[in-house]
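A.B. asks: Pasting in a structure now, in structure tokens, and then I'll have a few things to ask.
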Amino acid sequence: MPEVLKAPLAVEFPFTRSLGPVQSAFLTGLRERVVLGVRTGDGRTLVPPVEYDPVTAEEIRDLVEVAPTGTVTTWAWNHEPRRGQPLDTPFAWVLVRLDGADTALLHALDAPGPDAVRTGMRVRIRWAEERAGSITDIACFEPYDGEAAQPAGHNGEFADAITGIVAPARLDYTYSPGRAQSAYIHALGDRRIVGERCPSCRKVYVPPRGACPTCGVATAEQVEVGPRGTVTTFCIVNIKAKNLDIEVPYVYAHIALDGADLALHGRIGGIPYDQVRMGLRVEAVWSDDARYPDHYRPTGEPDAEYDTYKELL
Ligand SMILES: [Zn+2]
């Protein structure tokens with residue numbers, strides 16, 4: 001039994017968004033150590049604020065300052081903080097209803113252990129030393145025994161307001177492709193493209209997923225396909241991807257390798273992008289380290305007849 005592979009996989013992109021008047025005031029306020037909520041038509045104060053009344057859907061902009069002190073309404077202990085979380089020691093995720101607010105804000109509470117946390121406990125904001133107009137300007141909450149702080153009544157008008165933010169989104173996985181795709185990847189190392197045949201409908205899947213999605217049965221019979229194939233459909237890519245050293249425009253195609261009953265994806269090279277066409281015959285060109293096909297290039301054969309690949313678009 002060959003080794004089933006696994007590897008770290010991070011999906012990451014910076015999400016740039018404009019804020020609009022309400023979120024702009026909220027985040028700029030945090031920079032100035034002021035917490036702002038928004039008043040709804042029925043007189044409730046929402047913190048964090050939203051742009052539209054959740055009951056009437058009317059636009060709302062009536063900003064009101066609330067206190068940096070509040071009450072925990074519910075919580076959960078986080079035993080193992082992960083990269084990018086507010087604290088790097090175990091902490092509680094808490095919903096805090098700040099004094100003057102009717103809704104609760106999600107944040108971290110710095111506490112020595114779960115025994116030190118309870119619903120109803122009083123807390124206050126611990127401000128970050130350096131603040132830039134972000135929810136992380138609140139470093140965390142901390143237990144607090146004193147009086148409720150009195151907000152100064154800020155109206156939400158600031159000089160040099162924050163108008164946009166870049167929110168990094170990142171998902172960390174340990175990815176295992178499973179038995180079938182591990183075998184596929186091992187075979188690529190020998191410059192062989194190996195799929196699996198369904199024992200019921202006889203289709204050959206490349207790359208193999210380990211089961212036939214039509215018949216619902218496991219696949220095991222290995223079948224070598226390619227290295228030549230046919231472009232069944234394609235698109236021209238005009239947007240350069242970050243960290244990808246490929247000049248645009250280029251063509252990304254569905255390629256039905258000879259012997260396969262499923263098209264796989266690949267980049268087409270060795271031909272001007274505007275000459276790529278359905279039916280073009282191509283072959284794999286291996287990466288410098290020969291671990292995978294880097295792209296596919298024309299073989300010079302006559303184009304394939306549409307009827308031979310029309311089920312593989
Ligand atoms: Zn099948």
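Readers should treat all values here as calculations from the given coordinates under stated rules, not as data from a laboratory. Keep in mind that this is a model prediction, so the values were computed, not measured. Glycine also receives a Cβ, built like all others from the backbone with ideal geometry; neighbour counts cover every protein chain displayed.
A.B. asks: Looking at the range 167-213, which trypsin sites (Lys or Arg not before Pro) are DSSP coil and have at most 14 other C-beta atoms within 10 Å of their C-beta?
C.D. replies: ARG191, ARG192, ARG202
A.B. asks: At what distance in angstrom do the alpha carbon centres of the range 198-255 and the range 112-170 lie from each other?
C.D. replies: 49
A.B. asks: Would you be so kind as to identify which of GLY269, ALA220, ILE255 lies farthest towards the positive end of the dipole of the chain, taking Lys and Arg as +1 and Asp and Glu as -1 on Cβ and the Cα centre as origin?
C.D. replies: ALA220
A.B. asks: Counting only DSSP beta bridges with both residues in the chain, tell me the antiparallel percent, nearest 5.
C.D. replies: Around 95 percent antiparallel, to the nearest 5.
A.B. asks: Next up: Give the shape of the range 172-313 as rounded, prolate or oblate, defined through the alpha-carbon gyration tensor: a ≥ b ≥ c are the square roots of its eigenvalues, a/c under 1.5 means rounded, and otherwise the shape is prolate if a/b is larger than b/c and oblate if not.
C.D. replies: Oblate, because a/c is 1.5 or more while a/b does not exceed b/c.
A.B. asks: Hey, for a label at TRP77 modelled as a point 7 Å past Cα toward Cβ, could you say which residues of the range 92-135 have their backbone N under 12 Å away?
C.D. replies: Of the residues in the range 92-135, 92-93, 111-118 have backbone N under 12 Å from the label point off TRP77.
A.B. asks: With θ taken as phi - 60° and the coefficients 6.51, -1.76 and 1.60, list the Karplus ³J(HN,Hα) couplings across the range 262-268 in order, rounded to whole Hz; mark glycine and proline as x.
C.D. replies: 9, 7, 10, 9, x, 8, 9
A.B. asks: Would you list, by chain and number, the aspartates and glutamates whose Cα falls below 16 Å from the Cα of LYS242, excluding same-chain residues fewer than 8 positions away?
C.D. replies: GLU12
A.B. asks: Translational diffusion coefficient, Stokes-Einstein: compute it for the range 213-268 using the Kirkwood radius over C-alpha pairs as Rh, at 25 °C and 0.890 mPa s, and state it as an integer in µm² s⁻¹.
C.D. replies: Estimated diffusion coefficient is 183 µm²/s.
A.B. asks: Tilt of helix 178-188 relative to the longest C-alpha principal axis of the chain, in degrees (0 to 90, nearest 10)?
C.D. replies: 50
A.B. asks: What Rg and what Dmax come out for the chain when only alpha-carbon atoms are used, in angstroms?
C.D. replies: Cα only, the chain: 28.5, 84 Å (Rg, Dmax).
A.B. asks: To continue, here is another question. Under a point-charge model restricted to the Cβ atoms of Lys and Arg (+1) and Asp and Glu (-1), what is the dipole moment magnitude of the chain relative to its Cα centre, in debye to the nearest 20?
C.D. replies: 680
A.B. asks: Please enumerate, by chain and number, the aspartates and glutamates with C-alpha under 13 Å from the C-alpha of LYS240, excluding those fewer than 8 residues away in the same chain.
C.D. replies: Result set, ordered by chain and number: empty.
A.B. asks: Still on this structure, please answer the following. If R₀ is 22 angstrom, what is the calculated FRET efficiency for the pair SER176 and HIS265, using the beta carbon separation as r and rounding to 0.05?
C.D. replies: Here the calculated transfer efficiency is 0.60.
A.B. asks: Follow-up question, since we're still on this one. Hey, can you rank 70-76, 215-221 by average C-beta count inside 10 Å, highest first?
C.D. replies: 70-76, 215-221
A.B. asks: What 222 nm value per residue comes from the helices of the chain, counting each DSSP H run with n ≥ 4 as -39,500 (n - 2.57) and dividing by all residues, nearest 500 deg cm²/dmol?
C.D. replies: After summing the helix terms and dividing by residue count, I get -2500 deg cm²/dmol.
A.B. asks: From the Cα gyration tensor of the range 242-296, with a ≥ b ≥ c the square roots of its eigenvalues, which class applies: rounded if a/c is under 1.5, or else prolate if a/b is larger than b/c, or else oblate?
C.D. replies: It is oblate, given that a/c is not under 1.5 and a/b is not larger than b/c.
A.B. asks: What nm distance separates the two modelled labels at VAL11 and HIS186, each placed 7 Å from Cα along Cα→Cβ?
C.D. replies: According to this spin-label approximation, the distance is 2.8 nm.
A.B. asks: Any idea what the dipole of the range 179-312 comes to, in debye rounded to 20, about its Cα centre with Lys/Arg Cβ at +1 and Asp/Glu Cβ at -1? Could you put the intermediate results ahead of the total?
C.D. replies: On the way: 16 positive and 18 negative charges, 77 e Å.
Once rounded to the nearest 20, the dipole reads 360 debye.
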